[in-house]
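Data block below; observations after.
The values are calculated or read from the model by the stated rules, or taken from the named source; none is laboratory data. These numbers come from a predicted model, not from an experiment. Here the Cβ positions follow ideal geometry from the backbone for every residue, glycine too, while neighbour counts run over all protein chains shown. Note: accessible area is taken over every heavy atom of the protein model, side chains too, but ligands, DNA and RNA are not part of it. Shrake-Rupley method; radii C 1.70, N 1.55, O 1.52, S 1.80 Å.
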Amino acid sequence: MPDLEHNPYNPIPMHIMQAYYESNDYSLKSFELSFDNREDCDEFFKKFNPGQFCQLSIFGKGEAPFGIASAAWEGEFIRFTVQKLGTFTQQIHQLKAGDPIGMRGPLGNGFPIGNWKGKNLVIIGGGCAFSTLYALTKHIQHPQNRSDFAEMIVVYGTRTSGLCMYKNDIQSWCQREDMQIHQAIDIPEEGWSHHVGYVPDVVKEVAPSPKNAVAVVCGPPIMTKFTLPILVELGFKPETIFTSLEKRMKCGIGKCGRCNIGSKYICKDGPVFSLAELQALPDDI
Amino acid sequence: MMHILNKKKLNQILTGWSTKYDIYAPQKVEDYSQFLPLGTADELALNEPHNTRFPPKSFFLPQSETLLKYDHRLKQLKEVVITPKPRIIFGIRPCDAYAVKLLDTVFDTAEYTDPYWKAKRNATLLIGMGCNDPCQTCFCTTVGHGPFNHDGLDALLTECQDNYFIETFTEKGNKLFSDLPAATKDQQRQVQEMQKKAAKSMQPAFDTTNLKQNLNQSFDSKYWAAISESCLGCGICTFLCPTCFCFDIVDEVQRNERIRNWDTCMFRIYSLEASGHNPRPTRKERTRQRIMHKYSYWIDHAGEIGCTGCGRCIRNCPVGLDIRAMLRAVNTFESETVNA
Amino acid sequence: MSETIVKLKTEIERLLNEDVIDVVIAFKQEDSPLRPQPAFFRNVAELEVLEYNSLCQNNLANYLTRFPQDTRIGIVVRGCESRSVNALIVEKQHQRENLYLIGIPCHGIVDIKKIFKKTGEEVTDYSENQDEVTVIVNGKEITFSRKELLHDSCLRCIHPNPVDADILLGDPLPEGDPNIARQEVESIEAMSRDERYAWFRHEAERCIRCYACREACPMCYCTECFVDHTAPRWTESDVSQAGMQAWHIIRAFHQTGRCTSCGACERACPMDIKLTYLTEKLNKDMRELYEFEAGLDSETQPPFASFNLDDKKRFIV
C-alpha cells in the first residue's frame with residue numbers, strides 16, 4: 001500500500017489563525033495559517049525556503065498557488081497574501097480565523113540564498129508580487145542571518161499608497177540602519193514623501209551598484225519586463241538577476257504538464273529563475 | 001529462451017491466468033478495437049490493421065480519476081488510492097508499452113511519486129504482441145523503437161503461421177510462460193528474421209538527427225502559423241496519444257470528490273490565467289507547445305523523444321494533419337527561408 | 001472531378017491575381033491521398049497542391065470566424081457550407097460583401113470510415129468519378145458505388161447546391177428527398193422511452209470529451225464554451241454519465257435553428273458517435289414547428305433568436 005504520508009496531492013490540514021486586510025480597497029488580504037498536526041509543521045519548516053509557494057485548497061472551490069509571505073523565524077505559522085481576482089480567491093477572502101483550509105507545500109525552488117552569502121542584495125518588488133520578497137527580507141533581517149549578507153536595498157512600488165502591503169513593517173524598515181527601503185507609488189498623493197513613479201524608473205534613479213550584488217525582481221509581468229533591462233544597463237550580469245515567475249498551475253509538483261516554459265516547469269524547476277536561465281528559455285510566458 | 005505456443009491453445013493459457021489476474025485484451029467495439037476485460041479468446045481482436053483506438057495509458061492514468069474524497073465531518077480531504085487486483089494487459093503493442101515506460105519518468109520520480117499511478121503500475125503485467133505488418137501510419141522505427149521492441153514489456157508474442165513465439169524479459173513474464181515448450185533453433189531464426197523484416201519495411205518518416213535543434217531555432221518562426229492554420233484545436237491527438245499525460249484537477253462538489261481529468265495543451269483555457277492573460281492565445285502557440293514538448297522538451301526531461309510512433313494522431317485528426325509531415329517541414333523550413 | 005479542380009484553380013488564380021480577395025479557403029492534397037486538408041491560399045504558387053474530391057470532409061465555413069470581418073475571403077462552398085455561411089452572416093459573424101463564394105454542387109462526401117470498414121485493410125490510393133469510387137488495398141483495386149460510401153449526412157442531404165454563390169462550378173443537382181431525414185428521426189421517436197434512453201446512453205458513454213465536434217462545427221464559435229465555464233459550473237468535466245450526457249444534449253440545443261446538417265461533427269468524432277441524431281431531431285422540430293431551415297438565406301433570423309406572436313408554444317410548460 002502506498003505510504004499515506006507521501007501522497008503529494010493530499011493537502012495538509014491547516015486552520016486560519018488570523019486574517020486581515022492589507023490594502024484599503026480590500027483586494028489584498030493576508031492569512032496566517034497554523035498546522036493541525038505537529039509532524040506536518042516540523043516537516044514543512046525542514047524544507048521551507050523564502051521564494052517557495054504553497055497550493056492552498058478549499059474543497060469545492062479548488063486549489064491555487066500562493067507565494068509564502070513569512071519567514072521561518074516568525075513562528076510556527078505560514079502567511080499568505082491573497083489578491084481577490086477569481087472564483088477561488090473570492091472564496092479565500094471570505095475565510096476568517098478558525099476556518100479550516102488545506103495546504104500543499106512548500107513547493108518550488110525558492111531563492112538560492114545559499115549562493116548569496118556576502119553579497120549586496122537589491123530587492124525590487126511591485127504590487128502584490130512583493131509577498132515573497134517580504135518573506136525574503138524578513139528572513140535576512142533576522143540577527144542570525146543578517147551578518148551573512150552585505151548591504152540590502154529594497155525597492156517596493158504600488159499603484160497607490162493604499163495598496164501598499166505590510167505597512168507597519170515597511171514603516172519600521174525606514175528606521176533600520178541595516179537596510180535602505182525605497183517606496184514608490186505611480187501617481188503623486190498628498191502627504192506622500194517617498195518616490196513617485198513606476199518601479200523601473202525608481203530603480204534607475206536609485207541606481208544600485210552591481211558590484212558584488214544580486215538583484216531579485218518580483219512584480220507584474222510588465223514591471224519585470226522593463227526593470228530587467230535597467231539592471232542589465234546598470235551592469236548587473238544575467239546570472240546575478242533573479243525573478244519569480246507565475247503561470248497557471250494545477251498539481252504544483254511537475255506532473256500535470258501545464259506550467260512549463262520550454263523544458264522547465266515553473267512549479268518544480270522554479271518559480272525562481274535567474275535572467276541567464278530565462279534567456280535560455282523560449283518566450284512562452 | 002523463446003517459447004512456442006500453438007494459437008489454438010491460447011484460450012487455455014488465458015483461462016489459467018484468469019484465476020490470479022484480471023486480463024484485458026483488444027476486442028472489437030463498434031468499428032474499432034479497444035482493451036476490454038477478457039471473456040473468451042474467441043473475442044480477441046489481436047490482428048486488427050490498426051492499433052486500439054484508445055491508448056492503454058488509461059489503465060494507469062484513467063481519463064477521470066478520483067484523487068481525494070471530502071469528509072464533511074472532519075472538513076478534510078481523504079485520499080482514495082485504488083490498488084487494482086493484479087492484472088495482465090495482453091496484446092499491447094510495443095509502441096504503447098514503451099509509452100507507459102516513458103510516462104514512468106513523469107509519474108514516478110525521485111522527488112514525488114504519484115501514488116495513483118504507482119499502485120496501478122505495480123499491479124500490472126504487460127504482455128506484448130509484435131507487429132508483423134506495421135501500418136502506413138506507424139513510425140516507431142523513426143523515433144528509435146520498432147515493431148518488436150521489448151523495452152517496457154514483460155513478454156512479447158510474435159505471431160508466425162499457426163503459432164505464437166514468446167520471448168520473456170522479466171521475472172514476472174518468465175513465470176507466466178515457463179511451462180511452455182521451447183522453440184527450436186530454426187524456428188527462432190525464422191521468427192527473428194521476420195521481426196527484422198517488419199522493422200526494415202518501415203521507411204524513416206522524418207530525420208531526427210537535428211530535429212531538436214531545428215525546433216528550438218524555429219521557435220519564433222512563421223513555420224508554426226503555417227502548419228497550424230487548419231488545426232481545429234480539439235483534443236483528439238492528445239487524448240489518443242499514449243504518451244500525453246497533461247491533466248486538470250477539479251472539485252466535483254455534488255460527489256464530494258477531487259478528481260483529475262485528462263487535459264490538453266490544445267485547448268485555449270489550458271494556460272489561461274485568472275488575470276485574463278494567456279501565454280498561448282492562439283492555435284499557433286498551442287501547436288508549437290505540443291510539438292516542442294514531444295520532440296524537444298521530452299528529450300530534456302527523459303533523454304529521449306516523447307513519441308513512440310503509434311500513428312493514432314495521424315489516423316484520427318479530423319483535418320488530416322500529419323505530424324510526420326509537420327516535422328519534415330521544420331527540418332527544411334529554416335533552410336528554405338534562409339536561402340529564399 | 002478533376003475538371004472541377006481545373007475550373008477551381010482558374011478561378012482562384014483570377015481572384016488572387018486581380019486582388020479580389022486576401023485569402024482563399026479550399027482544400028489541398030499533401031500527405032496522404034485519403035486525407036485532403038483544409039488549406040489557405042494566399043498566392044498562386046501555392047495552388048500546386050489544390051485538391052477537390054469527395055474526401056474533402058470538413059466544413060470550410062468553420063474557418064470564417066477565425067478571420068477579422070474585414071478580411072476579404074474566397075471560400076469553396078458546397079451545399080451545407082453555403083448554408084453555414086448564411087447562418088454565420090445572419091448572426092453577424094461575417095459580412096457578405098467581404099466573401100467571395102465559389103459554389104460547387106455536391107455529390108456527397110465519401111466517408112473514409114466506411115471505406116476502412118469494407119476493406120478492413122490499409123488503403124494506399126483513391127480515385128473517383130461521378131458514380132464510383134476506386135481504392136487500392138494491398139496492391140489490388142476495389143471499386144464501390146459512390147452511394148455505398150457516402151457519409152450518412154450526405155445520404156439525407158436535401159440541398160446539395162450552394163444556396164448562394166458568386167460563381168458556380170458545375171451543373172446544379174436535383175434536390176434531395178426530405179423524407180429520408182424525417183423517417184430516420186421518426187424511427188428513433190418510435191422507440192419506447194427505455195429504448196431511446198438506451199440508445200442515447202450507448203452513444204454518449206463512448207465520448208472522450210475531446211470537443212472535436214464543437215471545433216469542427218462552424219456554428220460553435222463561442223470564445224468560451226459553456227463546458228469551460230467554472231462560475232457557474234454547468235456540467236461536470238469528467239467522463240461520468242451525467243457530464244457526457246449534459247454535454248451532448250446542451251450542445252445539440254445550442255445548435256437548434258442553426259445547424260445545417262453538414263455532419264462535420266460526426267465525421268470529426270474519433271469514437272464514431274452518431275452525433276447527428278440529436279441535431280436532426282431538432283432540425284425536424286424546427287421545420288415542423290416554425291417551417292424553418294437554417295441558412296437558406298442570409299437574413300431570416302432563426303426561431304430562437306426572434307419572436308413572433310403566433311409562434312407555437314407547446315413545448316413551454
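Things worth noting here:
- Restricting region B:197-239 to residues that are charged (D, E, K, R) and within 14 Å of chain C (Cβ to nearest Cβ), the residue that is least open to solvent (accessible area, probe 1.4 Å): B:229
- Residues of region A:255-266 that turn out to be crowded, with 23+ Cβ neighbours inside 10 Å and in contact with a strand residue (DSSP E or B) (Cβ under 6 Å, 6 or more places away or on another chain), as a count: 1
- Enumeration of residues in region B:277-314 that are within 12 Å of chain C (Cβ to nearest Cβ) and open to solvent by 50 Å² or more (accessible area, probe 1.4 Å): B:281, B:282, B:283, B:284
- Filtered residues of region B:5-51 (kept if in contact with a Phe, Trp or Tyr (Cβ under 7 Å, 6 or more places away or on another chain), away from chain C (no Cβ under 12 Å) and either assigned to a loop (DSSP other than H, G, I, E, B) or open to solvent by 30 Å² or more (accessible area, probe 1.4 Å) (or both)): B:7, B:24, B:36, B:37, B:38
- Pair list, Cβ < 9 Å and 6+ apart or interchain, from region C:1-17 residues that are among the hydrophobic types (A, V, I, L, M, F, W, C) and modelled with pLDDT under 95 to residues that are exposed (fewer than 14 other Cβ atoms within 10 Å of the Cβ) and not in a helix (DSSP H, G or I): C:1/C:129; C:1/C:130
- Of all residues making up region C:245-269, the number that are within 14 Å of another protein chain (Cβ to nearest Cβ) and either open to solvent by less than 10 Å² (accessible area, probe 1.4 Å) or part of a helix (DSSP H, G or I) (or both): 9
- Members of region A:22-35 that are more than 15 Å from residue A:85 (Cβ to Cβ) and either small (Gly, Ala, Ser) or free of Cβ contacts under 8 Å to residues at least 60 places away in the same chain (or both): A:30, A:32, A:34, A:35
- Total residues in region C:85-122, condition surrounded by fewer than 19 Cβ atoms within 10 Å (Cβ to Cβ), on the phi < 0 side of the Ramachandran plot and within 14 Å of another protein chain (Cβ to nearest Cβ): 7
- Which listed residue, of A:282, A:238, is surrounded by fewer than 21 Cβ atoms within 10 Å (Cβ to Cβ), within 13 Å of chain B (Cβ to nearest Cβ) and in contact with a helix residue (DSSP H, G or I) (Cβ under 8 Å, 6 or more places away or on another chain): A:282
- Those strands (runs of 3 or more DSSP E) lying entirely in region A:3-79 with at least 1 residues of a type in the set (A, V, I, L, M) and within 14 Å of chain B (Cβ to nearest Cβ): A:12-21, A:53-58, A:62-67
- Yes/no for residue B:273 being more than 10 Å from chain C (Cβ to nearest Cβ), in contact (Cβ under 8 Å) with a residue 12 or more places away in the chain and surrounded by fewer than 23 Cβ atoms within 10 Å (Cβ to Cβ): no
- Within region A:259-282, residues that are farther than 23 Å from residue B:265 by Cα sit with their Cβ atoms under 6 Å from residues that are in a loop (DSSP other than H, G, I, E, B), at 6+ positions apart or across chains, in these pairs: A:272/A:51; A:272/A:109; A:272/A:111.
- Any hit, region A:249-272, residues being more than 14 Å from chain B (Cβ to nearest Cβ) and in a strand (DSSP E or B): yes
- In region B:169-185, the residues that are open to solvent by 30 Å² or more (accessible area, probe 1.4 Å) and under 18 Å from residue B:126 (Cβ atoms): B:169, B:170, B:171, B:172, B:174, B:175, B:178
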